[in-house]
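Remarks on the structure that follows.
The values are calculated or read from the model by the stated rules, or taken from the named source; none is laboratory data. Bear in mind the structure is a predicted one, so any value in this text is a computation, not a measurement. Every residue, glycine among them, receives a Cβ derived from its backbone with ideal geometry; neighbour counts consider all protein chains shown. The area values use the complete protein model at the heavy-atom level, side chains included, leaving out ligands, DNA and RNA. Shrake-Rupley method; radii C 1.70, N 1.55, O 1.52, S 1.80 Å.
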Amino acid sequence: MPQEPAERRVVVTGPPRRARRTSGYYRPRTEIDEQTTLGHTYVRSLVRIQLRTGLTVFAVLALLIGPLPLVFAAAPDARRLEWAVLGFGLYPPLVLLARWYVRRAERNERDFVRLVEDR
């Protein structure tokens, strides 16, 4: 009597039927990389705060340097005063303002990275 071959089982593999859950938390970095509306909002907020910092520095500079031509025009014979003010009087405020701007811009970027990475 001939023996019939045993039935073979065939295993079919494929993608899982249910979608896997992500790691359970939200990733803003992915939103930024994929250029979604939310990612665009994150980047726009960073650009807006950096622009606000730059405009603040510009306003302080305009208030500090803008009236100087009027002051110099009021005292036409004070050439040495002009050079002293321009050479020594403006340098420390400009350096302090530049330091403040750099620290503020770096803090804004650090806060943005902390927002994107920590969630």
key: Scope the range 65-88; condition open to solvent by less than 50 Å² (accessible area, probe 1.4 Å), part of a helix (DSSP H, G or I) and in contact with a Phe, Trp or Tyr (Cβ under 9 Å, 6 or more places away or on another chain); matching residues   = Glu82, Val85
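If I filter the range 20-47 down to residues being of a type in the set (Phe, Trp, Tyr) and open to solvent by 60 Å² or more (accessible area, probe 1.4 Å), which single residue comes out as modelled with the highest pLDDT?
Selected residue: Tyr26.
Do you know which residues across the range 101-115 are in contact (Cβ under 8 Å) with a residue 40 or more places away in the chain and more than 13 Å from Gly54 (Cα to Cα)? It would help to see each step written out before you state the result.
In the first step, residues of the range 101-115 are kept if they are in contact (Cβ under 8 Å) with a residue 40 or more places away in the chain; the result is 101, 104-105, 108-109, 112, 115.
If the condition is that a residue be in contact (Cβ under 8 Å) with a residue 40 or more places away in the chain and more than 13 Å from Gly54 (Cα to Cα), then Glu109, Phe112, Leu115 are the ones that fit.
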ask   = Restricting the range 94-119 to residues that are open to solvent by less than 80 Å² (accessible area, probe 1.4 Å) and charged (D, E, K, R), which is nearest to Thr56 (Cα to Cα)?
value = Arg104
